[in-house]
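All remarks here apply to the structure that follows.
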Amino acid sequence: MPGTLDGKTAIVTGSSKGIGYAIAEALAREGANLVITARDEAEVNAAARQLDRIGAGNVAAVRADVRRHEDVRRMVEAALDLGGVDVLVNNAGIGRFGTVDEMSPEHWHQVIETNLNGVYYACHESIPHLKARGGGWIINIGSLAGKNPFAGGAAYNASKFGLLGFSEAMMLDVREHGIRVCCIMPGSVDTHFNNKQPSPENAWMIQPEDIARLVMELLTFPENALPSRIEIRPTRPAKR
């Protein structure tokens with residue numbers, strides 16, 4: 001059976017596991033060509049082998065650190081080799097936490113450069129090709145921390161507040177070209193984020209597959225309408 005994304009090419013950053021992998025898998029099942037990235041070459045290659053067995057599209061694995069503009073440029077070039085850019089999912093992200101006086105400049109830069117600069121690089125490189133294809137989607141995976149500050153979260157909050165503002169300004173810039181932009185803002189997701197391990201005990205949390213389903217629903221949303229910001233929370237948070 002042909003998929004709804006046959007002939008389309010999607011880039012998913014930070015996609016060797018967790019939310020990124022779940023999104024890539026959902027895209028693969030609908031026939032998309034995929035470019036997946038991670039900083040760990042062995043992990044991204046292993047993920048590509050798994051995805052290659054799932055979908056009919058081609059899969060390119062790119063070892064990339066989104067903080068490096070040249071790595072992001074290579075990522076987009078890999079998508080062009082597969083036909084173009086139709087969907088960009090900016091998922092790569094990290095968290096470093098601590099008070100401003102305790103946080104090292106190195107950790108501050110890691111967070112801002114990954115969660116914000118990396119998204120800019122990917123969008124900057126991809127938008128001309130999305131325009132050439134007549135439009136498409138840019139989906140940025142943000143966080144509820146993009147509107148809800150918390151103690152010890154200065155760097156992470158700054159990056160996610162910034163990502164939301166970036167996403168909504170960019171949406172206004174590109175929608176006349178048929179490019180739709182959405183910032184998905186999850187709450188607690190059961191992933192490896194911040195060195196945690198997914199666990200059956202975290203069944204109350206949002207699951208990576210929930211975010212993937214949301215992405216797929218966006219891609220089939222009527223063309224006349226644009227959900228530009230989506231907040232998603234666990235239905236029943238764990239009691240404290």
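The values are calculated or read from the model by the stated rules, or taken from the named source; none is laboratory data. Computed from a prediction, not measured in an experiment: that's the story for all the values here. Because the Cβ atoms are built from the backbone with ideal geometry, glycine has one as well, and the counts that use them run over all protein chains shown.
The table below gives the values:
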read-out	value
Test: L116 is part of a helix (DSSP H, G or I), within 17 Å of I36 (Cβ to Cβ), of a type in the set (A, V, I, L, M, F, W, C) and modelled with pLDDT of 95 or more	no
Hits in region 5-21 (condition: part of a loop (DSSP other than H, G, I, E, B) and either of a type in the set (V, I, T) or free of Cβ contacts under 8 Å to residues at least 24 places away in the same chain (or both))	T13
Scope region 137-160; condition outside any helix (DSSP H, G or I), more than 15 Å from the chain's Cα centre (by Cα) and not polar (S, T, N, Q); matching residues	K147, P149, F150, A151, G152, G153
Check on P200, surrounded by fewer than 18 Cβ atoms within 10 Å (Cβ to Cβ), more than 12 Å from R229 (Cβ to Cβ), out of contact with any Cys (no Cβ under 6 Å at 6 or more places or on another chain) and not small (G, A, S)	yes
Residue match in region 37-48 (condition: touching a residue at least 40 places away in the same chain (Cβ under 8 Å), closer than 24 Å to I232 by Cβ and surrounded by fewer than 24 Cβ atoms within 10 Å (Cβ to Cβ))	no
So A169, is it outside any helix (DSSP H, G or I), more than 15 Å from L88 (Cβ to Cβ) and out of contact with any Phe, Trp or Tyr (no Cβ under 6 Å at 6 or more places or on another chain)	no
Residue count for region 79-113, restricted to those that are in contact with a Lys or Arg (Cβ under 9 Å, 6 or more places away or on another chain), surrounded by fewer than 16 Cβ atoms within 10 Å (Cβ to Cβ) and either among the β-branched types (V, I, T) or assigned to a loop (DSSP other than H, G, I, E, B) (or both)	2
Qualifying residues in region 222-240 (those that are among the hydrophobic types (A, V, I, L, M, F, W, C) and out of contact with any Phe, Trp or Tyr (no Cβ under 9 Å at 6 or more places or on another chain)) - the one surrounded by the most Cβ atoms within 10 Å (Cβ to Cβ)	I230
Residues of region 49-78 satisfying the condition of being in contact with a Gly (Cβ under 8 Å, 6 or more places away or on another chain), surrounded by fewer than 21 Cβ atoms within 10 Å (Cβ to Cβ) and either modelled with pLDDT under 95 or not in a loop (DSSP other than H, G, I, E, B) (or both)	A56
Among residues of region 76-100, those that are touching a helix residue (DSSP H, G or I) at 6+ places or on another chain (Cβ under 7 Å) and of a type in the set (D, E), counted	0
